[in-house]
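Shown next, in structure tokens, is the structure this report addresses.
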Amino acid sequence: MTATMPEQRFLPRESLQTLFDVLAERGYRTIGPVVLDKAIQYVELSDASALPTGWTDDQQPGHYRLTQVESPRCFAWANGPQAFKPYLNRSREVLWESRRDSEGNLEFVLPTPTDKPLAVIGARACDLAALALQDRHFLDQARDPGYAARRASLFSVAVHCTHPATTCFCVSTGDGPRATSGFDIALSELDDGYLVETSSDTGRALAAALPLQPADDEHNRAAAAEIDAVAQRQCRQLPSDDLRQTLFSRLDHPRWEDVAARCLSCGNCTSVCPTCFCHSERDQVELGGARSQHLREWDSCFSEGHGHLHGFQVRPETRHRYRQWLTHKLDSWHDQYGRSGCVGCGRCITWCPVGIDLTAEAHAICDDAIEPEDSA
Amino acid sequence: MSPNLPRQAEVVDRTEESPSTFTLHLRLTDGAPYRFDPGQFNMLYLHGAGEVAISIVAGDAQAGVLTHTIRALGRVTKGLQQLGVGEHIGLRGPFGQGWPMQQAQGRDLVIVTGGLGCAPAVSIVHHVLDQRTRYGRLSILQGVKHTDDLIWREQYAAWAQLPNTQVLLAADVAAPGWRGHVGQVTALFDQLELDAPRSSAMLCGPEPMMQAAAEQLHARGLTADAIFLSMERNMQCAIGHCGHCQIGPDFVCRDGPVFPWPRLRPLLGVRGF
């Protein structure tokens, strides 16, 4: 990771506000991390002083706590429950509206996009990798107009991760800790400021408006060393074998029953997962009945309704649902999107109320040398 | 036409097929052209209630009329049942991959259906009868739980009179006067006049029935890749976005609902997929 560093310049810490100001001048609505409800969350903000300065986190399976330390740094933490996915793939969105006139004629209307362009400050490598997957899902074969409009205007300021949680395993999925694509500007945070690199024309144009200074060798060395150290600190990993062959050949492995006995089927893992895209659709009708909005809302493969057909429940039991989630995420995604659906952010481990660790489950199922019986 | 937005359709006629099953004949009011392949489906939208995925039974391009046979089971379909001629609904579609009618040209067709209506299979028959000379022998095997569930009796009787066409019916439970087979539809294979190497099979119905039929037809000499299945899953978006209908590498709404059997075979019958 240290070998070739893109050319970087230095933004002194006291000038970080300029980044917010320049984005605002250019018409962006800026979102970034703050401490809210005892967690790092991404909200709209215009002031660098709102960033979580001095906050760091302790994450373990089923455990998340923030603590304050003596530090000038604003990005010394691993991701909280959500980053910016809900700003692009909204948890609730109007897909279209049906309008009925007094004669009973129907008119169907797409919502008019009214959003300002969106800028995100503090995008992590794992979430940028997840963004690329959401792009493939919502843009490649059938284009989702709402997502497409928001995505086209997105300006992303990545911050390379230097503080992984114990639940993180982005090194094992190949998605972090250094952001390598999908950003306009990337920052490496140091005590006295930020190394700034750009990777798009929009990013370069914006960086030109920042009071950047030449970066010295010491800055470059320190930043690279911090990112490299992350790789050493991550202790979790997914099995390195091609899980595609393994998971589907072990559909009757006893571990599925074992994990089902612990899993509450609550869907927290899918809610915090930055690549999960399932949603349900329903109508919300105005009281008078003339207008009805056709809505999309996040759904989970752990929900009762997900596999529902009339007279038939595709996944009646928790073991079916957990197996559906894991085989889709780690296996079928390869066929559908050309890679695994896991970016190693570790959120599903932290936010699982009973602390189920998908890396442990995957190892238990895949590392087992015993040939399982044929599935039927 | 955006796959994301419904078009308005008017109910131009409706047929009561049984107390719970009805057929809507719809005309798109925008006059824009509409073409579909047998086996594809539409999303029908009832104002204020929601959408439901319904297979297209038939379409008359000249009259611009599309036919959907629907069983009133849930909130939306029960609402659709109440519609009268002249009322309006929304329609998105067509969606998905239909039956391989092109690939099956010149071959004998074995259609095996189970359950009520089985509209996707009936769409094949309509297509074949429209272009009769392009296909060989047509065999239609329909199974139902109870003989009272059999709709389109006159239609089956009429098809049975056509040259080069065989119609075989089976019911698990038979009312008095039933002249078809009593038992499962797969038991009809013994009566099937089958030239296996030149036959393609198209199956539609409950999965255990399709699985059994596919295995038995394969054992009788049909190649695995000449057997096709129409799958049913929870479909809400119809464009591969909502995730409910995923089976292994596929979304049924986009990559199906019709699949070659070998594509589905590894997960067919595995509970949970």
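The values are calculated or read from the model by the stated rules, or taken from the named source; none is laboratory data. Just so it is clear, the structure is predicted and the values come from calculations on it, not from any experiment. Cβ sites come from the backbone with ideal geometry, for glycine too, and all protein chains shown count toward neighbours. Accessible surface areas use protein heavy atoms only, side chains included; no ligands, DNA or RNA. Shrake-Rupley method; radii C 1.70, N 1.55, O 1.52, S 1.80 Å.
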Rounded to 5, the percent of DSSP beta bridges in the stretch A:9-233 classed as antiparallel: 75
Where A:49, A:172 fall by accessible area, highest first, once all protein chains stay in place (1.4 Å): A:49, A:172
Selection from B:221, B:81, B:175, by position along the positive dipole direction of chain B (Cβ): B:221
Ellipticity estimate at 222 nm from DSSP helix runs (n ≥ 4, -39,500 (n - 2.57)) divided over chain B, nearest 500: -4500 deg cm²/dmol
Which of B:199, A:163, A:327, positive extreme of dipole for the protein assembly as shown (C-beta unit charges): B:199
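Report, to the nearest whole %, how much of the accessible area of chain B belongs to carbon and sulfur atoms, 1.4 Å probe, protein only. Could you put the intermediate results ahead of the total?
Values: 5320 of 10780 Å².
Here carbon and sulfur together make up 49 percent of the probe-accessible area.
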Nearest-20 debye value, the protein assembly as shown charge dipole, Cβ charges on Lys, Arg, Asp, Glu: 1060
Charge dipole magnitude, Cβ of K and R +1, D and E -1 - chain B, Cα centre, debye nearest 20: 320
Surface accessible to a 1.4 Å probe, per residue, for the residues of the stretch B:7-95, Å²: 39
Within 10 Å of each Cβ in A:245-252, the average number of Cβ atoms from other chains: 2
Exercise: per-residue mean of other protein chain Cβ atoms within 10 Å, A:140-147: 4
Average other protein chain Cβ within 10 Å of Cβ, residues A:276-284: 5
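Can you tell me the accessible area per residue over the stretch B:129-273, all protein chains present, probe 1.4 angstrom, in square angstrom?
Numbers: 6040 Å² over 145 residues.
Each residue of the stretch B:129-273 exposes 42 Å² on average to a 1.4 Å probe.
Rounded, prolate or oblate: which one fits the stretch B:1-122, using the alpha carbon gyration tensor with axes a ≥ b ≥ c (rounded when a/c is under 1.5, else prolate when a/b beats b/c, else oblate)?
Values: a/c = 1.82, a/b = 1.30, b/c = 1.40.
Cα axes put the stretch B:1-122 in the oblate bin.
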Occluded residues from the stretch B:195-239, i.e. those whose accessible area drops by 40 Å² or more once the chain is not alone (1.4 Å probe): B:233, B:234, B:236
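Please report the antiparallel percentage of DSSP beta bridges with both residues in chain B, rounded to the nearest 5. Don't jump to the answer; show the numbers that get you there.
Working: 36 of 63 bridges.
DSSP beta bridges in chain B are roughly 55 percent antiparallel.
Considering only DSSP beta bridges whose two residues both sit in the protein assembly as shown, what percent are antiparallel, to the nearest 5? If you can, show how the numbers build up before the last one.
Details: 80 of 117 bridges.
Here the share of antiparallel DSSP bridges comes out near 70 percent.
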Nearby lysines by direct alpha-carbon distance to residue A:329 (threshold 22 angstrom, same-chain neighbours under 8 apart not counted): A:85
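About its Cα centre, what dipole magnitude does the stretch B:108-264 give when the only charges are +1 on Lys and Arg Cβ and -1 on Asp and Glu Cβ, stated in debye to the nearest 20?
Values: 11 positive and 15 negative charges, 48 e Å.
For this selection, approximately 220 debye.
Using the heavy atoms of the protein chains and a 1.4 angstrom probe, tell me the accessible area per residue for chain A in square angstrom. Write out the running numbers ahead of the final one.
On the way: 15970 Å² over 376 residues.
With the other protein chains kept in place, chain A gives 42 Å² per residue.
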Isolated Cys in chain B, by beta carbon distance under 4.7 Å: B:118, B:204, B:245, B:253
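Can you give the accessible area buried between chains A and B, summed over both chains, with a 1.4 Å probe, in Å² to the nearest 100? Each step should come with its number before you reach the end.
Values: alone 17740 and 12740 Å², together 26750 Å².
Heavy-atom accessible area buried at this interface is about 3700 Å².
How much mean residue ellipticity at 222 nm does chain A get from its helices, if each DSSP H run of length 4 or more adds -39500 (n - 2.57) and you divide by all residues, to the nearest 500 deg cm²/dmol? Working shown, then result.
On the way: 14 runs with 110 residues, N = 376.
Mean residue ellipticity at 222 nm (helix-derived): -8000 deg cm²/dmol.
Provide A:218, B:232, B:207 ordered by accessible surface of protein heavy atoms (probe 1.4 Å), highest first. Could the numbers behind the result be given before it?
Values: A:218 105, B:232 125, B:207 40 Å².
Sorted by accessible area, descending: B:232, A:218, B:207.
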